[in-house]
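Structure record follows, encoded as structure tokens.
Every number in this text was worked out from the coordinates using simple rules, so none of it is lab data. Nothing here was measured: the structure is a model prediction, and the numbers come from that model. So basically every Cβ, Gly included, is an ideal-geometry build from the backbone, and we count neighbours across all protein chains shown.
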Amino acid sequence: MHITETKSYDRFIDTMFQNKQYQILYKHHLQLFRNYACNGNTSNLENDINNLFSKTNGIPFIFSHITFKNSETNILTNPKKVEYELYQLKQKYFNQFNWHIQHLNPEGILNKFLELNTDLETIAKKYLKQISR
């Protein structure tokens with residue numbers, strides 16, 4: 001997915017969060033984790049968190065494939081630092097999702113997914129290359 005260098009930060013956010021692949025990933029895992037929270041089952045949680053944060057088709061993959069139009073240049077200034085911060089999020093949310101599942105709290109899962117979106121936006125803001133606003 002590409003954006004032009006003259007598009008605003010808001011366009012980047014639209015590109016990231018309205019991307020079909022991200023929407024499918026987000027909706028699938030939100031429903032999956034809410035189902036877990038209804039029955040308290042955490043047996044597949046680690047695998048599912050790994051899939052959500054997979055470098056081959058998860059959130060880091062989507063982040064790393066947003067480039068400037070007509071260029072292979074990633075729009076993030078420090079992809080390795082972004083990768084590290086996404087890894088930190090993975091650890092944070094594994095523990096939080098696990099807690100809400102064990103306490104049978106599907107609404108808590110929804111709140112954590114909303115918080116995850118905010119955290120992803122914060123990371124993007126920190127590392128986004130200068131784009132005209």
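Expected output is a single nm value to one decimal: the length gained when fully extending between W99 and L32, i.e. 0.36 nm times separation in residues minus the C-alpha distance. What is it?
Numbers: separation 67, 0.36 × 67 = 24.12 nm, distance 1.50 nm.
Gain on stretching W99 to L32: 22.6 nm.
Once amide H atoms are built 1.01 Å from N in the peptide plane, which residues 5 or more positions from L128, or in another chain, come under 5 Å H to H?
Here the answer is T77, since their amide H atoms fall under 5 Å of that of L128.
Taking θ as phi - 60°, what are the ³J(HN,Hα) couplings along segment 101-114 by the Karplus curve (6.51, -1.76, 1.60), each to the nearest whole Hz, with x for Gly and Pro?
Values, residue by residue: 5, 4, 9, 6, 10, x, 5, x, 5, 4, 4, 5, 5, 5 Hz.
Taking 0.36 nm per intervening residue step and subtracting the Cα-Cα distance, what contour gain separates K20 from E83 on full extension?
Working: separation 63, 0.36 × 63 = 22.68 nm, distance 2.13 nm.
So the extension gain works out to 20.5 nm.
Measuring from label point to label point, each 7 Å out along Cα→Cβ, what is the T122 to Q91 span in nm?
About 1.6 nm separates the two model spin labels.
I'd like to compare 40-47, 80-87, 94-101: which one has the highest average count of other Cβ atoms within 10 Å, and what's the full order after that? It would help to have the intermediate numbers written out before the result.
Values: 40-47: 11.8, 80-87: 14.8, 94-101: 17.4.
Ranking, from highest mean packing down: 94-101, 80-87, 40-47.
Which net charge results when you count Lys and Arg as +1 and Asp and Glu as -1 among the other residues whose beta-carbon is under 12 Å from that of L114?
The answer is -3.
Per residue and in Å³, how big is the convex hull formed by the alpha-carbon atoms of segment 78-133?
Numbers: hull volume 3.3 nm³, N = 56.
Value for segment 78-133: 58 Å³ per residue.
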